[in-house]
């Protein structure tokens, strides 16, 4: 089901990111999926996230569809030219994958194949244009398609980037080209989210705020130093400093729940990025939304 349909129906949409396997053994991946199944509306499958080679997003999304779980296929411009990008989008539609997140992707130099050549034949704006053109029945050179894909197009955003204006302008271009929803980088500052939501309100598209559970004070400090646009307030870091190990989890979950409860009225959904802590998503979702029954 298109995420846009859920938004139109007034749903507060919950998604989470689960990393595909690095290999062909899907057991651990599927065990992780089972932890969140029924508590999220869809699962993002990365396209060699952070330039680390893993199983193809399209294949893993098809695996989820076979298990009646809604995937969001991420597609980066980093590794493919415009022919391959359009081909993968058509392949996704054939496999029944309707929701796609279109992004540029990290440069190969930061991943596990640093010598790989980056492609970036299209940028993230022109990728949205290409995907939207396919849904109108032709490729980007104007050739007619035999059958038209029905895709729901999403894009990523980083509310904390400075200066904000260039990022917002590119986001405006993506919406103008046909993007239908936004998933953001993780946000810990309510004021940052408020400013961002005010800036994008004129775009009239739903926004899912990104969230990563803070597992330690050192993790928070690392994010502040290494993730552009992400700023964990000192107050949150102090809450985690010096805690004995057995208290960290409860405190981390409390911080997440408190923060997301305050952010919920501002946005239209939550996108979890909690690699390794997926087992806590049901607890957080229930506490934030008050929903005890399965979502799917």
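The values are calculated or read from the model by the stated rules, or taken from the named source; none is laboratory data. This is a predicted model, so every value here is computed, not measured. Please note: Cβ atoms are built from the backbone with ideal geometry, for glycine as well, and neighbour counts cover all protein chains shown.
Below, the figures for the structure above:
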read-out: Selection count, segment 152-186, where residues are within 16 Å of residue 205 (Cα to Cα) and either in contact with a helix residue (DSSP H, G or I) (Cβ under 9 Å, 6 or more places away or on another chain) or not in a helix (DSSP H, G or I) (or both); value: 24
read-out: Verdict on residue 215 being loosely packed, with under 14 Cβ neighbours inside 10 Å, out of contact with any strand residue (DSSP E or B) (no Cβ under 6 Å at 6 or more places or on another chain), in contact (Cβ under 8 Å) with a residue 40 or more places away in the chain and more than 14 Å from residue 12 (Cα to Cα); value: no
read-out: Index of the failed condition, residue 23 passing every other in (1) out of contact with any helix residue (DSSP H, G or I) (no Cβ under 6 Å at 6 or more places or on another chain); (2) on the phi > 0 side of the Ramachandran plot; (3) crowded, with 19+ Cβ neighbours inside 10 Å; value: (3)
read-out: Yes/no for residue 176 being farther than 22 Å from residue 15 by Cβ, buried (at least 17 other Cβ atoms within 10 Å of the Cβ) and without any contact (Cβ under 8 Å) to a residue 40 or more places away in the chain; value: no
read-out: Unmet criterion (only one of (1) in contact (Cβ under 8 Å) with a residue 24 or more places away in the chain; (2) within 21 Å of residue 70 (Cβ to Cβ)) for residue 291; value: (1)
read-out: Residue 255 vs. criteria buried (at least 16 other Cβ atoms within 10 Å of the Cβ), in contact (Cβ under 8 Å) with a residue 40 or more places away in the chain and under 20 Å from the mean Cα position of the chain (by Cα); value: no
read-out: Residue, surrounded by the fewest Cβ atoms within 10 Å (Cβ to Cβ), within segment 57-69, restricted to residues that are part of a loop (DSSP other than H, G, I, E, B) and in contact with a helix residue (DSSP H, G or I) (Cβ under 9 Å, 6 or more places away or on another chain); value: 67
read-out: Condition check for residue 119: on the phi < 0 side of the Ramachandran plot, assigned to a loop (DSSP other than H, G, I, E, B) and either at pLDDT below 95 or surrounded by 13 or more Cβ atoms within 10 Å (Cβ to Cβ) (or both); value: yes
read-out: Some residue of segment 203-213 being assigned to a helix (DSSP H, G or I) and either at pLDDT below 95 or under 20 Å from the mean Cα position of the chain (by Cα) (or both); value: yes
read-out: All positions within segment 70-97 that are closer than 18 Å to residue 139 by Cα, in a loop (DSSP other than H, G, I, E, B) and touching a helix residue (DSSP H, G or I) at 6+ places or on another chain (Cβ under 8 Å); value: 77, 80
read-out: Any hit, segment 131-154, residues being surrounded by 14 or more Cβ atoms within 10 Å (Cβ to Cβ), over 20 Å from residue 81 (Cβ atoms) and touching a strand residue (DSSP E or B) at 6+ places or on another chain (Cβ under 6 Å); value: yes
read-out: Test: residue in segment 24-36 that is touching a strand residue (DSSP E or B) at 6+ places or on another chain (Cβ under 6 Å) and modelled with pLDDT of 95 or more; value: yes
read-out: Any hit, segment 263-275, residues being surrounded by fewer than 14 Cβ atoms within 10 Å (Cβ to Cβ) and either in contact with a helix residue (DSSP H, G or I) (Cβ under 9 Å, 6 or more places away or on another chain) or assigned to a loop (DSSP other than H, G, I, E, B) (or both); value: no
read-out: Residue check for residue 111: surrounded by fewer than 20 Cβ atoms within 10 Å (Cβ to Cβ) and touching a residue at least 12 places away in the same chain (Cβ under 8 Å); value: yes
